[in-house]
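**Q** The structure is given below, and queries will be raised subsequently.
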Amino acid sequence: MAHSPETISAVRAAYVYEALNREAISDRFNVPVSTITRWKKDALEKGDDWDRARAAARLSGQGMEAVTTAVLEDFVLMFQSAMEEIKNAKDIKPFDKVEMLSKLSDAYAKTAAAMAKANPKLDKLSFAADILRDLVQYVQQHYPQHSMAMEQVLMPFSEEIGRRYG
């Protein structure tokens, strides 16, 4: 089904100015996510970077603090989604899950640290992420037999840290 230029423009505006994700835009405009993804890619090939426009809209409208907070919020949502996928994966051994959690925690810590440089209010979250990463690495190195217990505790605790400091 062909969509009008007005629909494509409205989808772009929702992505750029409202910072909606593709699933929410898909629901609003009744356009498949794959079509939105294709439109975004086609626009990029023509020099219209929707992500750059989105970042600029956030920056111009709310200032650097709001931008860094929004970027971190987006990352935290992806982080939590990845944590859930790891937690629910039945075909991954516990030791491998801990290794994945360690890498994910490291990415979280690095992202939070980068955001904290741009927004000093995020220092507490950065510190919490460092502690989580260090704890995962410590258990992985010294107590691998506790991998399953670590996973059961770390999953909900990391979400709590995100709510408390994020």
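The values are calculated or read from the model by the stated rules, or taken from the named source; none is laboratory data. Since this is a predicted model, take the numbers as computed values, not measurements. Glycine gets a Cβ as well: all are built from the backbone with ideal geometry, and neighbour counts include every protein chain shown.
**Q** Could you please tell me which pairs satisfy a Cβ distance under 7 Å, a separation of 6+ or placement on different chains, a first residue in the stretch 6-22 that is surrounded by 17 or more Cβ atoms within 10 Å (Cβ to Cβ), and a second residue that is not hydrophobic (A, V, I, L, M, F, W, C)?
**A** 14/28; 15/54; 16/54; 22/37
**Q** Sticking with this one: Any residue in the stretch 110-132 that is at pLDDT 80 or above, aliphatic (A, V, I, L, M), buried (at least 19 other Cβ atoms within 10 Å of the Cβ) and part of a helix (DSSP H, G or I)?
**A** no
**Q** Conditions: (1) in contact with a helix residue (DSSP H, G or I) (Cβ under 6 Å, 6 or more places away or on another chain); (2) crowded, with 17+ Cβ neighbours inside 10 Å; (3) modelled with pLDDT of 85 or more. Residue 76 meets all but one. Number of the miss?
**A** Only one criterion is unmet by residue 76, namely (3).
**Q** Also, quick follow-up: Pick from the stretch 30-65 the residues that are among the small types (Gly, Ala, Ser) and part of a helix (DSSP H, G or I): which of them is modelled with the highest pLDDT?
**A** 34
**Q** Take the residues in the stretch 79-98 that are surrounded by fewer than 14 Cβ atoms within 10 Å (Cβ to Cβ) and in contact (Cβ under 8 Å) with a residue 12 or more places away in the chain, then tell me which one is nearest to residue 152 (Cα to Cα).
**A** So, considering only residues that are surrounded by fewer than 14 Cβ atoms within 10 Å (Cβ to Cβ) and in contact (Cβ under 8 Å) with a residue 12 or more places away in the chain, the one nearest to residue 152 (Cα to Cα) is 84.
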